[in-house]
Amino acid sequence: MQSYNHLYHLLETSLRQMNDSFAAEPKELYDPQKYILSLGGKRIRPLLALVGCDLFDADPSEALHAAMSVELFHNFSLMHDDIMDQAPLRRGSTTVHEKWNTNIAILSGDAMLVKAYQYLANSGNAKLPELLKLFNRTAIEVCEGQQLDMNFESRTDVTIAEYLHMITLKTAVLLGCSLHMGAIAANASPDDQQRLYTFGKEIGIAFQLKDDILDVYAGNEKFGKQRGGDIISNKKTFLLLKCRELANAEQKAEVNSWLERKDFGKTEKVQAIKKIYEQLNIQTISEAEVQKHYTAALKNLEPVSCDPQKKKDLLLFAENLMNREY
């Protein structure tokens, strides 16, 4: 987005410098880190840390160490999540554990987490305790969310409320944390810090729900992950849970049959589940849930005391996230 060009430039320059600073040996430890960071992605989380600082007319470089720590933590979590999910693709490329092996991916990810703390420690001494407290709380919540997600794999009674709580922890709190860190770096008021955190959290929930929808309905090959991967792996997404809630006896029996099968054709399974989704209008219902959390986010941003034009830029950025097609 053009209004954030200067922030993207600051971010990408810092990421290149960070990548160049990684040790050369042992290459099995550091090459996977360089690889996953080089895959790009939307850089939403580190960008939001800079945005959260820039909103209050502070120098965004004040939040740069926090932004780097968030990006390192996020990629560490992706590396480990891909192992747990046995995912073959990340951002359209081979996942680290597939390109190297599982042990290398685990250890390289561990080292990325340590690097995240190293970068955060370079924040100003006056702000470091507050930043560290927020970062630690968020990191634990992300791990809790991932464990809940894994617990759901063996449960047949997961509720929509439980699912929304899980994605709040696994995905949404890190977006809230990013904006909150930026606001801390800018010396924003405690009320505005909390409003931005809640805005980011609600956007994060909406973002994950949108991701669930795109996993099934993305209209092009830019999505970067295995199409219908959530259906293939029996992920308890909002779509599946709402489907099971609304399905009649015959539809529920067919869905359960697919969930219980060990041997199946992936394409056949995706098409069969999608057909039931379409019968129950699941895509439209899911889009309405996205809008619900997006609206809650906007209500929290509205009273934030900051540059009105920069607030408009953040609103446009959030709108683009919600309207993305991949």
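Tell me, yes or no, whether region 147-161 has at least one residue that is more than 25 Å from L196 (Cβ to Cβ) and of a type in the set (F, W, Y). Yes, there is a match, as at least one residue in region 147-161 is more than 25 Å from L196 (Cβ to Cβ) and of a type in the set (F, W, Y).
Residue by residue through region 150-165, note down the ones that are in contact with a Leu (Cβ under 6 Å, 6 or more places away or on another chain) and either assigned to a loop (DSSP other than H, G, I, E, B) or buried (at least 23 other Cβ atoms within 10 Å of the Cβ) (or both). Once the filter is applied, which keeps residues that are in contact with a Leu (Cβ under 6 Å, 6 or more places away or on another chain) and either assigned to a loop (DSSP other than H, G, I, E, B) or buried (at least 23 other Cβ atoms within 10 Å of the Cβ) (or both), region 150-165 yields only Y163. Answer with yes or no whether F135 is under 30 Å from C53 (Cα atoms) and free of Cβ contacts under 8 Å to residues at least 60 places away in the same chain. Criteria not met by F135. Which one of G200, G228 is touching a residue at least 12 places away in the same chain (Cβ under 8 Å), touching a Ser or Thr at 6+ places or on another chain (Cβ under 7 Å) and buried (at least 18 other Cβ atoms within 10 Å of the Cβ)? The match here is G200.
Filtering region 280-326 to residues that are part of a loop (DSSP other than H, G, I, E, B), among the charged types (D, E, K, R) and free of Cβ contacts under 8 Å to residues at least 24 places away in the same chain leaves only E302.
Residue-by-condition table, conditions (1) modelled with pLDDT under 95; (2) in a helix (DSSP H, G or I); (3) in contact with a Gly (Cβ under 7 Å, 6 or more places away or on another chain); (4) surrounded by fewer than 16 Cβ atoms within 10 Å (Cβ to Cβ):
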position: L7; (1), (2), (3), (4): no, yes, no, no
position: A24; (1), (2), (3), (4): yes, no, no, yes
position: K42; (1), (2), (3), (4): yes, no, no, yes
position: L47; (1), (2), (3), (4): no, yes, no, no
position: F56; (1), (2), (3), (4): no, no, no, no
position: F76; (1), (2), (3), (4): no, yes, yes, no
position: A87; (1), (2), (3), (4): yes, no, no, no
position: I106; (1), (2), (3), (4): no, yes, no, yes
position: D110; (1), (2), (3), (4): no, yes, no, yes
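In the list K210, K170, K252, which residue meets the criterion of being charged (D, E, K, R), surrounded by fewer than 17 Cβ atoms within 10 Å (Cβ to Cβ) and touching a helix residue (DSSP H, G or I) at 6+ places or on another chain (Cβ under 7 Å)?
Details: K210 fails: surrounded by fewer than 17 Cβ atoms within 10 Å (Cβ to Cβ); K170 fails: surrounded by fewer than 17 Cβ atoms within 10 Å (Cβ to Cβ).
Going through K210, K170, K252 in turn, just one is charged (D, E, K, R), surrounded by fewer than 17 Cβ atoms within 10 Å (Cβ to Cβ) and touching a helix residue (DSSP H, G or I) at 6+ places or on another chain (Cβ under 7 Å): K252.
Q194 satisfies every condition listed in (1) modelled with pLDDT of 95 or more; (2) closer than 23 Å to L321 by Cα; (3) in contact with a helix residue (DSSP H, G or I) (Cβ under 6 Å, 6 or more places away or on another chain) except (3).
Considering region 129-149, and only residues there that are surrounded by 14 or more Cβ atoms within 10 Å (Cβ to Cβ) and β-branched (V, I, T), the residue that is nearest to the chain's Cα centre (by Cα) turns out to be V142.
Every residue in region 273-295 that is of a type in the set (G, A, S) and surrounded by fewer than 17 Cβ atoms within 10 Å (Cβ to Cβ), please. First the steps, then the outcome.
In the first step, residues of region 273-295 are kept if they are of a type in the set (G, A, S); the result is 286, 288.
Listed by number, the list holds a single entry, A288.
Quick check on this structure: which one of H65, H97 is free of Cβ contacts under 8 Å to residues at least 40 places away in the same chain, surrounded by 15 or more Cβ atoms within 10 Å (Cβ to Cβ) and part of a helix (DSSP H, G or I)? Full working, then the answer.
Working: H65 fails: free of Cβ contacts under 8 Å to residues at least 40 places away in the same chain.
On inspection, the qualifying residue turns out to be H97.
Out of L89, L55, L64, one residue alone is under 21 Å from N136 (Cβ atoms) and aliphatic (A, V, I, L, M). It is L64. On inspection, A126 fails the criterion of being buried (at least 19 other Cβ atoms within 10 Å of the Cβ), not polar (S, T, N, Q) and not in a helix (DSSP H, G or I).
Just give me the residues in region 246-279 being of a type in the set (G, A, S) and assigned to a helix (DSSP H, G or I), in sequence order. Break it down into steps so the answer makes sense when it comes.
Here is the first cut: in region 246-279, the residues of a type in the set (G, A, S) are 247, 249, 253, 257, 265, 272.
Within region 246-279, A249, A253, S257, A272 meet the criteria.
The values are calculated or read from the model by the stated rules, or taken from the named source; none is laboratory data. Here the structure is a predicted model, which means the values were calculated and not measured. FYI the Cβ positions are ideal-geometry reconstructions off the backbone, even for glycines, and counts take in every protein chain you see.
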